[in-house]
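The values are calculated or read from the model by the stated rules, or taken from the named source; none is laboratory data. Since this is a predicted model, take the numbers as computed values, not measurements. Every residue, glycine as well, gets a Cβ built from its backbone with ideal geometry; the counts of neighbours run over all protein chains shown. Ligands, DNA and RNA are excluded from the accessible area calculation, which covers all protein heavy atoms including side chains. Shrake-Rupley method; radii C 1.70, N 1.55, O 1.52, S 1.80 Å.
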Amino acid sequence: MQKVKFYNISYSCTIFEFVPLHYKQTKQMNTIIKNSLDKSMSYEAYRILVATFASEGKTSGTIQTADYINYTKLNESRMHRLDKTMQVIDEIKSYLENLNNEYIWLVLAETWCGDAAQVIPVIHKMAELSAKIELRIVLRDNNEDLMNLFLTNGTKSIPKLIILDKKTGSVLADFGPRPFGATEFIKSYKAIHGIVDETAKIELQKWYLSDKGVGIQRDIAALMTTNQPQTPQGKWRS
């Protein structure tokens with residue numbers, strides 16, 4: 001397999017180094033992951049869900065407000081555009097087409113989430129390039145136990161991609177809710193303005209538009225190259 005390094009990626013003179021991650025994986029954690037996988041859906045099924053909710057004036061999740069319904073409508077338009085225009089860059093395409101191991105990419109999302117609308121189509125395009133990647137999606141509010149295992153600074157931020165070794169069920173890495181560049185943008189905005197307001201959200205969508213999914217692709221590839229599967233120790237799913 002071709003060896004490619006994606007870490008030590010430069011974002012506006014800031015160096016972000018990916019390091020190997022280690023998870024204390026218990027039987028309870030394995031059970032939670034298995035249960036969520038049993039309830040998971042394909043990307044195609046998720047897209048149908050988003051489109052249906054958007055057309056019917058609905059939204060997923062426990063928060064049912066006019067704002068969240070409107071966010072779902074906006075996200076349907078964003079995802080429709082990205083499904084048609086998103087392209088995986090050559091270096092990542094080559095890496096994904098030459099994977100040796102098999103993976104499950106399990107994503108936590110909700111239809112109203114603006115970051116999910118920008119990130120998940122990119123994840124889908126990446127997964128499409130390799131028969132060794134199985135992409136599955138679950139709704140956060142229907143999978144609280146799983147979400148609580150992968151909090152971001154104590155918050156239930158989504159989307160969250162959990163990268164699993166398909167043979168052993170080992171959690172190799174997790175990504176989200178945003179690529180590094182977008183995370184830095186929000187940090188800088190909050191440092192200046194004190195809050196993440198509607199203006200910040202609009203500017204964040206502009207950031208995603210200009211980045212064209214490249215940051216997401218490189219961040220995920222870096223996590224995968226830094227966190228390789230270990231020797232299988234037996235089956236974890238029947």
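Okay, here's what the table says:
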| quantity | calculated |
| --- | --- |
| Full-extension gain in nm, Asp67 to Lys212, via 0.36 nm per residue minus C-alpha separation | 49.6 nm |
| The chain: relative contact order as a whole-number percent, Cα under 8 Å and 6+ apart | 25 percent |
| Per-peptide average of other Cβ atoms within 10 Å, ordering 191-204, 32-45, 210-223 highest first | 210-223, 32-45, 191-204 |
| Mean Cα-pair separation over length for segment 42-138, i.e. relative contact order, pairs under 8 Å, 6 or more apart, % | 35 percent |
| Computed label-point distance, nm, for sites Lys34 and Leu74 using a 7 Å Cα→Cβ extension | 4.1 nm |
| Dipole axis of the chain (+1 Lys, Arg; -1 Asp, Glu on Cβ), positive-most option in Gln28, Val122, Ser210 | Gln28 |
| Rg and Dmax of the chain, Cα atoms only, in Å | 17.4, 52 |
| Carbon plus sulfur fraction of accessible area for the chain, probe 1.4 Å, in percent | 50 percent |
| Dipole-positive endmost among Ile195, Cys113, Asn153 within the chain (Cβ charges, Cα centre) | Asn153 |
| Relative contact order, percent, segment 121-220 [alpha-carbon distance under 8 Å, six or more residues apart] | 23 percent |
| 5 Å binning of all Cα-Cα separations within segment 149-238, expressed as whole percents from 0 upward | 3, 12, 18, 19, 17, 12, 8, 5, 4, 2, 0 |
| Surface per residue (accessible, 1.4 Å probe) for the chain, Å² | 51 Å² |
| Computed lengthening from His193 to Lys84, 0.36 nm per intervening residue step minus Cα-Cα distance | 35.7 nm |
| Rounded accessible area of Phe185 (nearest 10 Å², 1.4 Å probe) | 60 Å² |
